[in-house]
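Remarks on the structure that follows.
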Amino acid sequence: MNASPSPPAGQTTTWKDAPTQIVDVAGTTLAYRRLGAATGVPLVMLNHWGAVLDNFDPRIVDGLAATRPVIAVNYRGVGASGGQAPLTVAEMARDVIALIRALGLRQVDLLGFSLGGFVAQDIVLEAPELIRKVILTGTGPAGGAGIKNVGRVSWPLIIKAMLTFQDPKVYLFFTSTANGRRAAKAFLARLTERETNRDKKVTTTAFLRQLKAIEAWGKQAPQDLGTIDKPVLVANGDHDIMVPSRNSIDLARRLPNAELVLYEDAGHGGIFQYQEAFARKALAFLDA
């Protein structure tokens, strides 16, 4: 397994300029971007349904990369990654485990948002020796309340976005309050800051296959989260309509070493609405 060259040792760049790299894993190629400090425990970031590399929040990535290596990953079949998008969270987790090992990393921290939080849970259950700490945001446990209904909740709002010429994330990630609308506008503007070497857009096929994986996760039997002894930070908005906020409360209750943060007047994308506060909290958690 061979990865494309990493930035020179000691080099720190920004998310806006981080090169997209490719690594051969599990019979295909996965795309990722690496930036930040040359030393320290790397933080592997896993994104949401339908997301490519350019959907990571630049302010959060740069904030975390100020003091540690950060590696943001595309799933199989998404963006510049090769292969076909998996139909299960478990397959996505196996791909990321293979990527971590292909990059020669002995131990990493994980940050998973939404679908990425499902994947992160499976990774730490499957390969706990690779993981030091975990951050789960906008997410929930297998079989969690309302997760199997993500498609049913999302499609009307996706159609509404099309009819009103808005990005669906305005309605899916943020509240309809003035605070939520301002946060949505600012977040979407940040996602356009990278002007060159942008990732390929997600295909309709990959989008639909990921939705099947999410719905399967929602119908899956609960996992024994009590076996996860890693420190975990759980964060969400207090009005998440995609992965209902009570799932974050459930995660924090079932994980033996967890801390919960709920952001007020915030939805699924609470960490994007409170990006500065979240980055500070995440850094404090990882550095503790």
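Computed from the coordinates by the stated procedures, all read-outs in this text should not be read as laboratory data. Because the structure is predicted, anything quoted here is derived from the model rather than measured. Backbone-built Cβ (ideal geometry, glycine too); neighbour counts: all protein chains shown.
Quick notes on this structure:
- Cut-off 12 Å between beta-carbons: net charge of the residues surrounding residue 43, Lys and Arg +1, Asp and Glu -1: +2
- Residue-by-residue Karplus 3J(HN,Hα) for segment 21-35, coefficients 6.51, -1.76, 1.60, Hz, glycine and proline x: 10, 10, 10, 7, 9, 6, x, 8, 10, 10, 8, 8, 10, 10, 7
- Computed on the chain, with alpha-carbon pairs under 8 angstrom and 6+ residues apart, the relative contact order is 20 percent.
- Residues whose amide H lies under 5 Å from that of residue 263, counting only those 5 or more places away or on a different chain, are 236, 237, 238; hydrogens are built 1.01 Å from N in the peptide plane.
- Counting only lysines at least 8 places from residue 200 when in the same chain, those with an alpha carbon closer than 18 Å to its own are 16.
- Excluding exposed DSSP-loop GluC sites (Glu not before Pro) (at most 15 other C-beta within 10 Å), longest clean stretch of the chain: 1-192
- For segment 162-288: Kirkwood Rh in Å [reciprocal of mean 1/r, alpha carbons]: 16.7 Å
- In this simple spin-label model, placing a label point 7 Å from the Cα along the Cα-to-Cβ direction at both residue 246 and residue 28 gives a separation of 3.5 nm.
- Between 100, 159, 60, the Gaussian network model of the chain with springs among Cα atoms under 10 angstrom shows the greatest mean-square fluctuation at 159.
- Percent of Cα pairs exceeding the 17 Å cut-off, where the set is segment 105-243: 68 percent
- Taking Cα centre as origin and charging only the Cβ of basic (Lys, Arg, +1) and acidic (Asp, Glu, -1) residues, the dipole magnitude of the chain rounds to 420 debye.
- For segment 20-287, the fraction of alpha-carbon pairs in successive 10 Å shells from zero, as %: 7, 33, 41, 18, 1
- Residue exposure sequence - 214, 158 - by fewest surrounding Cβ within 10 Å: 158, 214
- Between residue 196 and residue 148, residue separation times 0.36 nm minus the direct Cα-Cα distance comes to 13.6 nm.
- Shown in residue order for segment 260-273 are the 3J(HN,Hα) couplings computed by the Karplus curve 6.51 cos²θ - 1.76 cosθ + 1.60 at θ = phi - 60°: 10, 10, 10, 8, 6, 6, 9, x, 3, x, x, 5, 7, 5 Hz (x for Gly and Pro).
- Here's the picture: a label point sits 7 Å out from the Cα of residue 203 along the beta-carbon direction, and within segment 62-97 the residues with their amide nitrogen under 15 Å of it are 75-87.
- Measuring r between the beta carbons of residue 13 and residue 167 and using R0 = 22 Å, the FRET efficiency lands at 0.25.
- Panel order for 49, 15, by other beta carbons found within 10 Å of each beta carbon, from fewest to most: 49, 15.
- Rough spin-label spacing in nm, given labels placed 7 Å along Cα→Cβ, for residue 230 and residue 283: 2.2 nm
- As a ratio to 2.2 N^0.38 Å, the alpha-carbon radius of gyration computed for segment 91-176 takes the value 1.35.
- With a cut-off of 12 Å between beta carbons, the residues surrounding residue 210 carry a summed charge of +1, where Lys and Arg count +1 and Asp and Glu -1.
- Beyond 19 Å in Cα-Cα separation lie the following of the pairs 160/185; 148/212; 133/219: 133/219.
- Order of 239, 48, 268 under a 10 Å beta carbon neighbour criterion, fewest first: 239, 48, 268
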